[in-house]
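Participant: First the structure, which I've put down as structure tokens, then a few questions once you've had a look.
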Amino acid sequence: MPTLQVDVVLLILATSLSWAGGGMAQEPTEQVPGQRFEDLEKRLRHLQQEVDALKKDGSSSLEEEDSDELEDPTFEALSMVARYAQVVATFQIFGDVGLRYQNPEDPEPSHTEFSFGSLDFFVSAQLSDRLQILSETIIEGEGDELGLDQERLWAKWVFSDGFALKAGMGHTPMTRWNRLFHHGKWLELTIERPFLALFEDDGGFVPMHYVGLEASGRLSSSLGSLEYVGVLSNGRGPDPTDRQRVDDLNDSKAVTLQATLAPHCCEGLQFGGSAHLDQIPGREGDPQRARSIRETILGGFISLEKGPWTALAEALFLQHHDRSADATFHHSSAYVQVGHRLGEWTPYARFDVRSMERDDPFYSPESLELDRFETLAGVRYDFVDNAALKFELGSGRFEDRDPGGRISHRSFLSLAAQLAFAF
């Protein structure tokens, strides 16, 4: 590949993937790191057009003109780029390791552990001006074992900025956190996700993945910029951890909608809501789960990026109607998170709560219907552009079920540290 094309590709990708000023900002109106992947999809579509346009200019001195900018840390690329013919592919690896100490209330002893967190292989390929392929594969630990899991794999065809169609496996637009921050821990300000955004295999009670079709787009009006997402997919399986990635146990499909408005009148402000409808199939051989469960989830969020300040708050309300017992169960969860950037340091705080109604037959076998709340304070230190240290102090209270089925309340205090990186 000619040197001119190599440098132009690297410059464009470096600009789109780096943080402004080496910090966590990535767009004038969206400074959260996870948003980079949403914007990356659009930027890659125009990559070939940008390269061709620069070639037509005949700027033989382009390499010399760009050399100073490329030496600036602001433009240091955080991904590897490859090109063959008209295909442009980016490769990124995210990883994290950590240390955690937690002190339950007496008489149980304290517990300290080092842990391998995860290794995330992220690949995005632009096959044409309109077609993009994305894959995300994770190596993560559970107990004393490491497992390989395909988290996302989809193809996206872009008709215009106002409409794109995606097919495959992705992250549901159930919560704002789930669409901003994917699996790489370096993307997140905190060490762990809030309760309502935990993944299914990490104790989450909300479906975070889907397999199906997604329509999305961005529309502009006098009020502001409106982003919408609609998903038609396989629903949940009989158990909370069953994502039904290969087949679907019933003919009913899940429907998920999300809308986000960024008003022109208040730069950095975004707010929106989501809705999800599904029919959870019954479990064969279980009389308490002989019939399906109707699931309805409503959510809302508000975020603000103003100077060094970042704030994000979400609330989610879930209803299960169990047709076997003709009973309805209500669950809710919410969090508020605030951070303030001070150079390479970002202090932050979060309050997180999960309020669940007991005896829900879908959640009870996994003890997911137990209440929990947590407050945490921490600091993130971005000592280089593509690596960060995080330190957290947390405290809270949670319900626990003993082997006899009795519920107890336990307070805890935790200390945690994490090294997260991307390259």
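Participant: So, Ala422, is that one under 24 Å from the mean Cα position of the chain (by Cα), at pLDDT below 95 and among the small types (Gly, Ala, Ser) or not?
Facilitator: So Ala422 fits the description; yes.
Participant: Here's something else I'd like to know. With (1) within 26 Å of Ser332 (Cβ to Cβ); (2) without any contact (Cβ under 8 Å) to a residue 40 or more places away in the chain as the list, and Ser220 as the residue in question, which single condition is left unmet?
Facilitator: Among (1) within 26 Å of Ser332 (Cβ to Cβ); (2) without any contact (Cβ under 8 Å) to a residue 40 or more places away in the chain, Ser220 violates only (1).
Participant: Right, another one. Could you name every one of the strands (runs of 3 or more DSSP E) located completely within region 119-190 that has at least 3 residues being closer than 25 Å to Gln418 by Cβ?
Facilitator: Filter on region 119-190 gives 131-142, 145-160.
Participant: Among Arg179, Arg218, which is charged (D, E, K, R), buried (at least 22 other Cβ atoms within 10 Å of the Cβ) and in contact with a strand residue (DSSP E or B) (Cβ under 9 Å, 6 or more places away or on another chain)? Give the steps one after another, and end with the answer.
Facilitator: Values: Arg218 fails: buried (at least 22 other Cβ atoms within 10 Å of the Cβ).
Exactly one residue qualifies, and that residue is Arg179.
Participant: Could you tell me whether any residue of region 318-340 is in contact with a helix residue (DSSP H, G or I) (Cβ under 8 Å, 6 or more places away or on another chain), farther than 27 Å from Ser408 by Cβ and surrounded by 16 or more Cβ atoms within 10 Å (Cβ to Cβ)?
Facilitator: Yes, region 318-340 contains at least one residue that is in contact with a helix residue (DSSP H, G or I) (Cβ under 8 Å, 6 or more places away or on another chain), farther than 27 Å from Ser408 by Cβ and surrounded by 16 or more Cβ atoms within 10 Å (Cβ to Cβ).
The rows are residues; the columns are (1) modelled with pLDDT of 90 or more; (2) at positive phi; (3) aliphatic (A, V, I, L, M).
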{"position": "Leu148", "(1), (2), (3)": "no, no, yes"}
{"position": "Arg152", "(1), (2), (3)": "yes, no, no"}
{"position": "Lys156", "(1), (2), (3)": "yes, no, no"}
{"position": "Asp161", "(1), (2), (3)": "yes, no, no"}
{"position": "Leu165", "(1), (2), (3)": "yes, no, yes"}
{"position": "Thr172", "(1), (2), (3)": "yes, no, no"}
{"position": "Asn178", "(1), (2), (3)": "yes, no, no"}
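Participant: Of the conditions (1) of a type outside the set (Phe, Trp, Tyr); (2) at negative phi; (3) touching a residue at least 24 places away in the same chain (Cβ under 8 Å); (4) assigned to a loop (DSSP other than H, G, I, E, B), Gln244 fails just one. Which one is it?
Facilitator: Only one criterion in (1) of a type outside the set (Phe, Trp, Tyr); (2) at negative phi; (3) touching a residue at least 24 places away in the same chain (Cβ under 8 Å); (4) assigned to a loop (DSSP other than H, G, I, E, B) is unmet by Gln244, namely (2).
Let's see how each residue does on (1) surrounded by fewer than 21 Cβ atoms within 10 Å (Cβ to Cβ); (2) within 27 Å of His330 (Cα to Cα); (3) of a type in the set (Ser, Thr, Tyr); (4) modelled with pLDDT of 95 or more:
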{"site": "His183", "(1), (2), (3), (4)": "no, no, no, no"}
{"site": "Trp186", "(1), (2), (3), (4)": "no, no, no, no"}
{"site": "Asp202", "(1), (2), (3), (4)": "yes, yes, no, no"}
{"site": "Asp248", "(1), (2), (3), (4)": "yes, yes, no, no"}
{"site": "Gln258", "(1), (2), (3), (4)": "no, yes, no, yes"}
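Participant: Hey, another quick one. Please verify whether Ala388 is under 17 Å from Thr190 (Cβ atoms) and either buried (at least 20 other Cβ atoms within 10 Å of the Cβ) or modelled with pLDDT under 90 (or both), treating the condition exactly as stated.
Facilitator: Numbers: under 17 Å from Thr190 (Cβ atoms): yes; either buried (at least 20 other Cβ atoms within 10 Å of the Cβ) or modelled with pLDDT under 90 (or both): yes.
Against the criterion (under 17 Å from Thr190 (Cβ atoms) and either buried (at least 20 other Cβ atoms within 10 Å of the Cβ) or modelled with pLDDT under 90 (or both)), Ala388 qualifies.
Participant: For region 259-363, give me every one of the strands (runs of 3 or more DSSP E) that falls completely inside it and has 3 or more residues that are in contact with a Leu (Cβ under 8 Å, 6 or more places away or on another chain), charged (D, E, K, R) and over 27 Å from Ser222 (Cβ atoms).
Facilitator: The strands (runs of 3 or more DSSP E) meeting that bar are 345-355.
Participant: Tell me, which residue of region 165-176 that is crowded, with 23+ Cβ neighbours inside 10 Å and touching an Asp or Glu at 6+ places or on another chain (Cβ under 7 Å) is nearest to Gln150 (Cα to Cα)?
Facilitator: Gly170
Participant: Being crowded, with 17+ Cβ neighbours inside 10 Å, in contact with a helix residue (DSSP H, G or I) (Cβ under 7 Å, 6 or more places away or on another chain) and more than 30 Å from Leu393 (Cβ to Cβ), is that true of even one residue in region 125-138?
Facilitator: Within region 125-138, one or more residues are crowded, with 17+ Cβ neighbours inside 10 Å, in contact with a helix residue (DSSP H, G or I) (Cβ under 7 Å, 6 or more places away or on another chain) and more than 30 Å from Leu393 (Cβ to Cβ).
The values are calculated or read from the model by the stated rules, or taken from the named source; none is laboratory data. Model, not experiment: these values are computed from the prediction. So basically every Cβ, Gly included, is an ideal-geometry build from the backbone, and we count neighbours across all protein chains shown.
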